Amino acid sequence: MNHKEYLSRHVQEIKPSGIRKFFDLANEMEGVISLGVGEPDFDTPWHIREAAIYSIESGKTFYTANQGLLELRKEICRYQKRRFHLDYDPIKNVVVTCGGSEAIDIALRAVVDPGDEVILLQPCYVAYEPGVQLAGAIPKFIELKEENHFKLTAAELEAAITDKTKAMLINFPSNPTGGMMNYDDYKELVPIIKKHNLIVISDEIYAELSYDDAFCSPANFPEIKDQVIVISGFSKAFAMTGWRLGYLCAHEVFAMAMNKIHQYIIMSAPSAAQYGAIEGLRHGDQHVAEMKEAYRQRRNYIVKGFNRIGLPTHMPEGAFYIFPCIKPTGLTSDEFCEELLKEQKVACVPGTAFGQAGEGYIRVSYAYSIEEIRAALARIEIFMKKYQKEKA
Ligand code: PMP
């Protein structure tokens, strides 16, 4: 049997992740400093772990409500209101999921039909294009530009909309660029979103990591709030990637449709993780703020460092990534990352892992200690000096 032929067409079409491909290479080498992974280097705060352990000790180890523990949904609503001024009802509007990842998948599957177009903003998170394809829809790309600080403009959005456009999947603060959309930026888009009844799936997983506290959700605009599916989770702000816990907030009809998919494919998110998350939302603000402050210091340090060694890097307003331009070297993103890994044993991710619009850039995560960042920068500086000499 030729097994490949028996795979579904959708699955055959999906490309393997450009991040994984690269890290398999890095894993085979010794002494590599990685600035590649998009995951907090902090431990999950102890009080969260303790609450989860206690839930297990108390025997709370069974399925929860499909939508997630009501107590957790109530805390999510309080948190969304307190931090981002969004009003949701814990019974009608919230579904607790296995990470933001599941939320993205069920949001897409709930709203698109085969042949529908979904707008994606490249460079974008690696799971979006496959997610759209698996839902049977067609990804349509808008290439965001560095000169616009990787924001989406009204003209770009208007030009991308066709009579097949059903939804748009966006992510600000952005992985990989660190770009943000503030209130005034969204204000320009709102009439277009409204006019075309565009469903906006807004991945707000990095909302806590917005360094100017200028975070704005498209759901903050009452005219379009019912068209917006807000996706968030605990992985980044609460340093809980392995717990696999996220959630979505949306209009009741959307939320119940997504819950219908969720109940068949997942049943309910992990119970211990849900108890831990309740504790995090109730008493975790201080820890979240401390981690954010550490990321801010690292961001300032790493941006300065990259600019100093000849790789122009804009100051990102959110998330924990920088997106340096490597065009001065004349190398492609892939070549740059491969050479850097081979010569100096530093692992970064080629911008092209996030779509063709990422050519000429690399993604560097600063969810690493200042010591690791300093050591990596010293190696990259040697690489750049040698490279500049070769060019001269
Ligand atoms: N969205 C974005 C933009 C991400 O960067 C990530 C994780 N890298 C996710 C969603 C998924 O996060 P999780 O499933 O851990 O909540």
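For the reader, a short list of remarks on this structure follows.
- Just one of (1) touching a residue at least 60 places away in the same chain (Cβ under 8 Å); (2) within 23 Å of VAL253 (Cβ to Cβ); (3) in contact with a strand residue (DSSP E or B) (Cβ under 7 Å, 6 or more places away or on another chain) fails for GLN122. It is (2).
- Index of the failed condition, ASP334 passing every other in (1) at pLDDT 95 or above; (2) farther than 30 Å from PHE62 by Cα: (1)
- Looking only at residues in region 211-245 that are surrounded by fewer than 22 Cβ atoms within 10 Å (Cβ to Cβ) and charged (D, E, K, R), the one that is nearest to the ligand (Cβ to nearest atom) is ARG244.
- Exactly one residue among HIS287, HIS262, HIS283 is in contact (Cβ under 8 Å) with a residue 60 or more places away in the chain, under 29 Å from ALA376 (Cβ atoms) and not β-branched (Val, Ile, Thr), and that residue is HIS287.
- Pairs linking a residue in region 1-29 that is closer than 22 Å to ARG363 by Cα to a residue that is modelled with pLDDT of 90 or more and hydroxyl-bearing (Ser, Thr, Tyr), with Cβ atoms under 8 Å and 6 or more positions apart or on different chains, are GLY18/THR352; PHE23/SER34; ALA26/SER34.
- For first residues located in region 238-251 and within 17 Å of GLY284 (Cβ to Cβ) and touching a residue at least 60 places away in the same chain (Cβ under 8 Å), partners that are more than 7 Å from the ligand (Cβ to nearest atom) and of a type in the set (Ser, Thr, Tyr) and lie 6+ apart or on another chain with Cβ distances below 7 Å form the pairs PHE238/THR44; ALA239/THR44; MET240/THR44; GLY246/THR97; GLY246/SER232; TYR247/THR97; TYR247/SER232.
- Search result, residues across region 226-241 that are outside any loop (DSSP other than H, G, I, E, B) and either under 12 Å from the mean Cα position of the chain (by Cα) or under 20 Å from GLY100 (Cβ atoms) (or both): GLN227, VAL228, ILE229, VAL230, ILE231, SER232, GLY233, THR241
- Number of positions in region 53-65 that are open to solvent by less than 50 Å² (accessible area, probe 1.4 Å) and of a type in the set (S, T, N, Q): 2
- Flag if ALA207 is within 27 Å of ALA294 (Cβ to Cβ), modelled with pLDDT of 95 or more and not in a strand (DSSP E or B): yes
- Hey, ILE76 closer than 21 Å to MET291 by Cβ and assigned by TED's automatic domain parsing to the domain that holds GLY280 or not: yes
- Of the candidates ALA257, ALA277, ALA269, the single residue that is within 16 Å of the ligand (Cβ to nearest atom), assigned to a helix (DSSP H, G or I) and modelled with pLDDT of 95 or more is ALA277.
- Residues of region 9-20 classified as more than 19 Å from the chain's Cα centre (by Cα) and either of a type in the set (Phe, Trp, Tyr) or open to solvent by 60 Å² or more (accessible area, probe 1.4 Å) (or both), total: 4
- Note on region 20-33: residues that are within 15 Å of the ligand (Cβ to nearest atom) and within 9 Å of VAL346 (Cα to Cα) amount to 0.
- Within region 365-381, if we keep just the residues that are of a type in the set (Val, Ile, Thr) and under 23 Å from the mean Cα position of the chain (by Cα), the residue that is surrounded by the fewest Cβ atoms within 10 Å (Cβ to Cβ) turns out to be ILE370.
- Taken together, the criteria exclude HIS85 from residues that are over 22 Å from the mean Cα position of the chain (by Cα) and either under 25 Å from MET256 (Cα atoms) or surrounded by fewer than 20 Cβ atoms within 10 Å (Cβ to Cβ) (or both).
- Test result for PRO123, within 15 Å of the ligand (Cβ to nearest atom) and either farther than 17 Å from GLN227 by Cβ or surrounded by fewer than 21 Cβ atoms within 10 Å (Cβ to Cβ) (or both): yes
- For the criterion of being more than 12 Å from the ligand (Cβ to nearest atom) and of a type in the set (Asp, Glu), ASP87 passes.
- Residue within region 104-118 that is open to solvent by 30 Å² or more (accessible area, probe 1.4 Å), at pLDDT 95 or above and within 13 Å of the ligand (Cβ to nearest atom) present: yes
- For the residues GLU50, GLU39, the requirement of being within 21 Å of the chain's Cα centre (by Cα), closer than 17 Å to LEU245 by Cβ, open to solvent by 80 Å² or more (accessible area, probe 1.4 Å) and in contact (Cβ under 8 Å) with a residue 40 or more places away in the chain singles out GLU39.
- Annotation: of all residues in region 142-186 being away from the ligand (no atom under 16 Å from the Cβ) and aromatic (Phe, Trp, Tyr), the one that is most open to solvent (accessible area, probe 1.4 Å) is TYR183.
- Residue check, ILE302 in the same structural domain as ILE231 (by TED's automatic domain parsing) and out of contact with any Lys or Arg (no Cβ under 8 Å at 6 or more places or on another chain): no
The values are calculated or read from the model by the stated rules, or taken from the named source; none is laboratory data. Predicted model, so just to flag it, every value in this text is computed and none were measured. Neighbour counts run over all protein chains shown; Cβ positions are idealised from the backbone, glycine included. All accessible areas refer to the heavy atoms of the entire protein, side chains included, with ligands and DNA or RNA removed. Shrake-Rupley method; radii C 1.70, N 1.55, O 1.52, S 1.80 Å.
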